[in-house]
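To keep things clear, I will list the structure first and then write my remarks on it.
We did not get these values from a lab; they are worked out from the coordinates using the rules stated. Please read all numbers here as calculations on a predicted model, not as lab measurements. All Cβ positions, even for glycine, are placed from backbone atoms using ideal geometry, and neighbour counts span all protein chains on display.
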Amino acid sequence: MSTIQKLVLASGSPRRIELLQQAGLEPSRLLPTDTDETPNKAEHPRSLAKRLARTKAEKALESLKGEQHSDGEFILAADTVVAVGRRILPKTELVDEASNCLKLLSGRSHRVYTGICLITPAGKLRQRLVETRVRFKRLGREELETYLASGEWRGKAGGYAIQGLAGTFVVKLVGSYTNVVGLPLYETVGLLTAEGFKVHFNWLSGAHT
C-alpha cells in the first residue's frame, strides 16, 4: 500500500500559499518557524536566502519528529531576500524603514533572491537558489508618500510587494516573476517532481480548469 503524499509548508505566508495553490498544490499543513533572520557579518544575500530556507525546513522537520502521521510528508521552505549589491534590505515593519528602502530602490536595479529547501520523506535535503533582477522607475514624492500610506510595504522584504501597487514601479524584470512574489514556481515544481512528488495529480480533478 503506497503512502499518501503530503506537502508541509514551513511558512505562514499567504503569498506562498496562493502561489502553491496556483500550481495546483494544497499544503496539508503549515508549520511557520520562529527563525532569526538577521544576516551574519558580511553574509552575501545569496547565502542568507539559502541558509534561512534550510534553517526553516530543518526546524519544521524537527517539530514533526515523533509524530506517527508524519510519514510521506515533504517539507518545503523558502526565504526571499532583496538586495542592492551586497546590501541586504530588511523586511520592513516601520514606515521609516520602508521609506529608506524605496528611496534606495528608486531609479535603479536590485536583485531578489529566493532560497528553496525541500526535505523528502526519506530525509533527503535538496536546495535551489533563484535570482531575479528588477529595475524601478524613479519615484516621485507623491508616489512614495501615497504608497507608504497604503501600508502594502508592511512585512515585505525591501519594503514592497510586486503583486500589489508597487507593480507600477517596475520598469524591467529579468527572471522569475513568482520569485519576486515569494516562491519561484518553475523551480519549486521542478524540485518536487524530481523527488517523486506527484505535482500534477490534482490537475486531473478539474479543480483548476
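Compute the separation of the alpha-carbon centres of region 150-192 and region 1-62 and state it in Å as a whole number.
First find each Cα centre; the distance between them is then 16 Å.
Take the Cβ-Cβ distance between Asn100 and Leu173 as r, set R0 to 22 Å, and report the resulting FRET efficiency rounded to the nearest 0.05.
It comes out at approximately 0.45.
Shape verdict for region 1-107, please, from the Cα gyration tensor: rounded (a/c under 1.5), prolate (a/b greater than b/c) or oblate.
Values: a/c = 2.80, a/b = 2.01, b/c = 1.40.
Cα axes put region 1-107 in the prolate bin.
Of Leu148, Leu183, Leu105, how do they rank once you tally other Cβ atoms within 10 Å and put the fewest first? It would help to have the intermediate numbers written out before the result.
Values: Leu148 18, Leu183 27, Leu105 23.
The order, fewest Cβ neighbours first, is Leu148, Leu105, Leu183.
How far is helix 95-105 tilted off the main Cα axis of the chain, in degrees rounded to 10, range 0 to 90?
With rounding to tens, the tilt is 80 degrees.
What's the extension gain from Asn202 to Glu142 if we count 0.36 nm per residue and subtract their Cα-Cα distance?
Numbers: separation 60, 0.36 × 60 = 21.60 nm, distance 4.55 nm.
Gain on extension, Asn202 to Glu142, equals 17.1 nm.
Could you work out the local net charge near Pro39, counting Lys and Arg as +1, Asp and Glu as -1, over the other residues with Cβ closer than 13 Å to its Cβ? Before the final figure, lay out the partial values.
Details: positive: Lys41, Arg46, Lys50, Arg51, Arg86, Arg87, Lys91; negative: Asp36, Glu37, Glu43, Asp79.
Spelling it out: positives minus negatives among the neighbours equals +3.
Just how many pairs of Lys in the chain have C-alpha atoms closer than 13 Å, counting pairs that are eight or more places apart or on different chains?
Details: Lys6/Lys198; Lys91/Lys156; Lys103/Lys137; Lys137/Lys172.
Lysine pairs meeting both conditions in the chain amount to 4.
Could you tell me the ratio Rg/Rh of region 6-205? Both radii from Cα atoms, Rh via Kirkwood. Walk me through the numbers before you get to the answer.
Numbers: Rg = 17.3 Å, Rh = 17.5 Å.
Ratio of gyration radius to Kirkwood radius for region 6-205: 0.99.
Treat the count of other C-beta atoms within 10 Å as a stand-in for reagent exposure and order His44, His200, His110 from fewest to most.
Numbers: His44 15, His200 12, His110 20.
Result, fewest neighbours first: His200, His44, His110.
For Ile4, Ile119, which order do you get if you count the other beta carbons within 10 Å of each Cβ and list the fewest first?
Details: Ile4 10, Ile119 24.
Arranged by neighbour count, lowest to highest, Ile4, Ile119 become Ile4, Ile119.
For the chain, what does the helix formula give at 222 nm: sum of -39500 (n - 2.57) over DSSP H segments with n ≥ 4, over the residue count, nearest 500 deg cm²/dmol?
-9500 deg cm²/dmol
Hey, with R₀ at 22 Å, roughly what FRET efficiency would Ser63 and Gln5 work out to, going by the Cβ-Cβ distance, to 0.05?
Working: r = 19 Å, r/R0 = 0.88.
Once rounded, the FRET efficiency stands at 0.70.
Counting other Cβ atoms within 10 Å, which trypsin sites (Lys or Arg not before Pro) in region 24-86 have at most 13 and lie in a DSSP loop?
Working: sites: Arg29, Lys41, Arg46, Lys50, Arg51, Arg54, Lys56, Lys59, Lys65, Arg86; in loops: Lys41, Lys65, Arg86.
Listed in order of number, the matching sites are Lys41, Lys65, Arg86.
Against the longest principal axis of the chain, how steep is helix 185-194, in degrees 0 to 90 to the nearest 10, with axes from Cα atoms?
20
Is the C-alpha gyration tensor of region 111-209 telling us rounded, prolate or oblate? Criteria: a/c under 1.5 is rounded; beyond that, a/b larger than b/c is prolate, otherwise oblate. Present the calculation step by step, with values, prior to reporting the outcome.
Values: a/c = 2.70, a/b = 2.09, b/c = 1.30.
Prolate.
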